[in-house]
1. If I take every Cα pair under 8 Å that is 6 or more residues apart in segment 123-209, average their sequence separation and divide by the length, what percent do I get for the relative contact order?
2. Does segment 152-251 classify as rounded, prolate or oblate by the C-alpha gyration tensor (a ≥ b ≥ c root eigenvalues; a/c under 1.5 gives rounded; else a/b over b/c gives prolate, otherwise oblate)?
3. In percent, what relative contact order does the chain have, based on Cα pairs under 8 Å that are 6 or more apart in sequence?
4. Take peptides 402-413, 464-475, 67-78 and line them up by average Cβ neighbours within 10 Å, highest first, as a rough protection proxy.
5. Would you mind classifying segment 333-449 by shape? Square roots of the alpha carbon gyration tensor eigenvalues, ordered a ≥ b ≥ c; an a/c under 1.5 is rounded, otherwise it is prolate if a/b is larger than b/c and oblate if not.
6. Note the full-extension length gain between ASP246 and LYS332 as 0.36 nm times their separation in residues minus their Cα-Cα distance, in nm to one decimal.
7. Please order PHE460, PHE43, PHE426 by the number of other Cβ within 10 Å, starting at the fewest.
8. Amide H neighbours of ALA121 under 5 Å, counting only residues 5+ apart in sequence or on other chains, H built in-plane at 1.01 Å?
Amino acid sequence: MEPYELTITEADSLLAEKKLSSVELTRSCLERIERTEEALCSFISLDPDQALQTAVQADRRRDRGEGGALCGIPLSIKDLLCTKDRTTTCGSKILENFKPPYDATVVEKLNECGAVIVGKAAMDEFAMGSTSENCAYKIPSNPWDIDCVAGGSSGGSAASVASGQVLGSLGSDTGGSIRQPASLCGIVGMKPTYGRVSRYGLVAFASSLDQIGPLTRDVTDCATMMQAICGYDRRDSTSVEQPVEDYHSFLSEGLQGVRIGVPREYFTRGLDPEVNQVVMNGVDVLKSAGAEIVEVSIPHIDYCVAVYYLIAPAEASSNLARYDGVAYGFRKEGAQDLVDMYKDTRSQGFGPEVKRRILIGTYALSSGYYDAYYKKASQVRTLILNDFKRAWESCDLLISPVSPTPAWKKGEKADDPLAMYLSDIFTLSTNLAGLPGLSVPGGYSSSGLPIGIQLQGPHFDEGALLKCGFNLERGLSLERKIPAICA
Ligand code: GLN
């Protein structure tokens, strides 16, 4: 086995036992990147020299008997997490040359752990999309079939972890952007509860929905990364002051006394029969592990797409107002006056999907329409949250599909925004209700593409999700494979 194929947990043991050094591990990942990046396009920027320097320091730290599980582990981070003096593009031309003057809190935390940040992962522009095809720089490929999408918007993060380029990644999830690419690429992805992870230094898309979370090769690694990034931060006013649990303590076998809800509305039209089969198999596995299975209802689920695609663009339209060519990134030179400079900068700096969202959002927030659209959507959002609260009376967790289908071919939905939006149907509710969600590999389609299973739980019950995910992983015992990448 090559070092790049290890999980974080395995690499940590070898590093601790001095059977492997971080420099060797980082070299192995960098070589893997060199061999596969042309086909995969997972990275917007790479910094191999910096990575090796960090690895040297991590080895020294370990030599002194210091450093935790992430010390010396090569990771990627989505290119919307601010990195001090390192370009942070958000997948957009408008931030082409943007070098933030500070690190995001999660980046600070990874640095403190001694993690080796190898590069910044490709993503849909401003995290708007479900395939990463809206990236202004590179479109990541699915490691299992490079003609297929890696999912989105954290597609580069997912592709880099699934393909062995790095051992783990951080992404962001506003409506599914961690869970869906994790599912499509055959890895684990967690969206923590809103407020659990600081959003300080995460470039905002839709502030009431955005959360940062890990993408890893297994559930144990997910717990490790969660441990590193969770916690209160006074610099994010929405971060919650609640002690962080010991996530590894939940990773034990057996689900006696755990009630798993199967929300009937998630298993209807549009669901690919193979996805249905994988999720139902997951239900059986959890039952064998001792869980009680109950049928539940989330009656307002049908409204999720409409509600999300009003609230998210509305918040985006106001968040993105700051990109006007004055303070950040790209500016179109040669304009006659200030208004023309704004217009030219924004017309040329933003891609079509971002413009579409700014238009929808501005419209939904404008006086005369605000009550009919934004306010109504916010009210229905509360109904969706209430559906979950009611569900928690009869069950502890929900199991469902992540994506209605396995990965699709690049270009297939690129010109059809509605089809693209509909593919988010199963993930949006988690963000609208502020809940934690986990995507765990569940199996493969007949054409060999991965299919994930989603778990959703009550606020701050990440531990229960990890426990259930761990049992799912154990029970399914899928062979851990890193796909061969053929260009
Ligand atoms: N696919 C959804 C969108 O396009 C969600 C994106 C996300 O979670 N960042 O908005």
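1. It rounds to 25 percent for segment 123-209.
2. Oblate shape, in that a/c is at least 1.5 and b/c is the bigger or equal ratio.
3. 18 percent
4. For the peptides 402-413, 464-475, 67-78, the packing ranking is 67-78, 464-475, 402-413.
5. Since a/c reaches 1.5 but b/c is at least a/b, the shape of segment 333-449 is classed as oblate.
6. 26.0 nm
7. PHE460, PHE43, PHE426
8. ILE44, ILE77, LYS78, ASP79
Each reported figure results from applying straightforward, stated rules to the coordinates on display, with no laboratory input. Quick caveat: nothing in here was measured; it's all calculated off a predicted structure. Don't worry about glycine lacking a Cβ; one is built from the backbone with ideal geometry, like all the others, and counts go over all protein chains shown.
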